[in-house]
Each structure stands twice: as C-alpha cells, then as structure tokens.
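Everything on this sheet refers to the single structure shown next.
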Amino acid sequence: MRWVSTAAALIVAAAPLVVASEARYRDGPPPGFTGDFGEPTCVTCHMDAPVVADAPGLVLHGVPDRFEPGRTYLITVSLHDEELEAGGFQLSARTSGGSQAGRWRSKDARARVVYDSVTNVAYAIHTVEGAEPIAPDSARWTLAWTAPDSSGDSVVFSAAANAANGDDSSFGDRIFTRRAISRGR
C-alpha cells in the first residue's frame with residue numbers, strides 16, 4: 001500500500017504543473033509546432049488524442065493556388081469542432097526547403113507573429129483574446145501574408161490547431177493539422 005500512496009502523492013504534486021504548463025499557452029504556443037518540416041505538433045503537450053491530419057474542421061481560407069510576388073493576401077485559419085471551448089493555432093509559410101517565405105502581419109488582437117531565433121521562421125499564433133471562440137464550437141484567426149518578392153519556389157502553408165476543452169489541462173483536447181501549397185506565377 002505504501003507504493004500506492006507514494007504514486008498518488010506524485011500525481012497530486014504533478015497535477016498543478018500540468019495545468020500551469022497548459023494555461024501559459026493561452027497566449028500562443030512556442031514556435032515550431034506545426035507538425036510539418038520535421039516539427040512536432042500541439043500533441044506534444046495536449047497528449048491524450050492522436051493528431052487528425054487534413055480534418056475538415058481545420059480550413060485555411062485565402063491561400064492562393066498561385067501567388068503574385070510581393071502581393072498581400074488575407075489568410076484565415078478556421079477551426080470548428082463540436083467540443084471546442086477554447087481554440088489555438090500555429091501557422092507558417094515556408095519554401096519547399098523549409099526557409100521562411102514571405103511576411104506575416106496580424107490583422108487584430110486575436111493573433112500575433114513570433115519568430116524562431118534558430119531557424120528564422122515566422123509563426124502566426126493565437127493570443128489570449130484569440131483563444132476565445134467566435135461562436136459556439138468555432139474559432140477563427142485572420143492574418144495578412146505578403147508573398148516573397150520572387151516567384152521561383154512554391155510556398156508551403158503548415159497549420160496545427162487545438163480544439164481545446166477549456167480546462168487548461170493536457171487532456172481532452174483535439175489537435176488538427178492542415179497543409180496547403182501555393183505556387184509562384
């Protein structure tokens with residue numbers, strides 16, 4: 001029985017750390033969790049369900065089939081899940097080789113842009129305001145993406161999104177990924 005009480009004590013002691021860890025991501029995840037180019041996904045922290053790739057609940061609106069160099073496009077990430085109480089996302093735009101492609105700019109307080117200091121890749125992520133659903137079961141974020149000045153390489157848009165249950169824990173959340181490719185003109 002001693003091992004049972006020791007195990008229970010460890011679980012109780014660790015529980016606040018898990019909740020605190022998840023609550024800090026209300027203002028967006030750290031860079032590098034889109035699930036593409038060898039990156040992990042949000043399932044690294046939200047770990048009790050498998051990643052759902054190309055799920056219909058995660059859509060990237062506005063990604064052009066062919067982009068014009070230097071033109072700015074509005075890209076909207078839409079997430080819909082019947083159990084969504086809070087939402088989060090991360091989105092990158094990279095060349096097929098994995099380097100940064102174009103520039104991101106947030107359109108409102110629901111999203112912001114962060115940079116990976118090692119790879120120099122920019123990531124659009126949700127903010128505290130952006131974690132709140134826009135409607136029951138739905139979250140949405142809109143960003144401005146300015147295409148690269150050259151049309152020589154395709155651009156890969158990689159997104160991961162979290163349909164969270166809102167309890168600030170690692171459990172009960174669903175992670176989705178989506179990839180879209182735009183070619184230069």
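The values are calculated or read from the model by the stated rules, or taken from the named source; none is laboratory data. Note that the structure is predicted; figures quoted are calculated from it, not measured. Here the Cβ is made from the backbone with ideal geometry for all residues, glycine too, and neighbour counts use every protein chain on show. Ligands, DNA and RNA are excluded from the accessible area calculation, which covers all protein heavy atoms including side chains. Shrake-Rupley method; radii C 1.70, N 1.55, O 1.52, S 1.80 Å.
Multiplying the residue separation of Val118 and Ser138 by 0.36 nm and removing their Cα-Cα distance gives an extension gain of 3.9 nm. Each stretch of four or more DSSP H residues adds -39500 (n - 2.57); spread over every residue of the chain, this sum gives -4000 deg cm²/dmol at 222 nm.
Positive-end ranking of Gly87, Ala147, Pro40 along the dipole of the chain, with charges on Cβ about the Cα centre, is headed by Ala147. Length, then width, then depth: along the principal axes, the Cα atoms of the range 52-117 run 39, 25, 22 Å. GNM remark for the chain: springs join alpha carbons under 10 Å apart, and the peak mean-square fluctuation among Ala53, Ala93, Ala124 falls on Ala53. With springs only between Cα atoms under 10 Å apart, run a GNM on the chain and tell me which of Ala122, Ala55, Ala139 wobbles the most. Of Ala122, Ala55, Ala139, the Gaussian network model singles out Ala55 as fluctuating most.
Per residue, the range 35-156 exposes 47 Å² of accessible surface when a 1.4 Å probe is rolled over the protein heavy atoms with every protein chain present. The residue among Ile134, Ser169, Ala159 whose Cα reaches farthest toward the positive pole of the charge dipole of the range 103-185, with charges on the beta-carbon of Lys, Arg, Asp and Glu, is Ala159.
Element breakdown for the chain at a 1.4 angstrom probe: carbon and sulfur atoms account for 56% of the accessible area. As a ratio to 2.2 N^0.38 Å, the alpha-carbon radius of gyration for the chain is 1.11. About its Cα centre, the dipole of the chain is roughly 640 debye, where the only charges are +1 on Lys and Arg Cβ and -1 on Asp and Glu Cβ.
Of the residues Ala49, His61, Tyr115, the one whose Cα sits farthest towards the positive end of the charge dipole of the chain is Tyr115 (charges of +1 on Lys and Arg Cβ, -1 on Asp and Glu Cβ, taken about the Cα centre). Treating r as the C-beta distance of Glu129 and Ser96 and R0 as 25 Å, the FRET efficiency rounds to 0.15.
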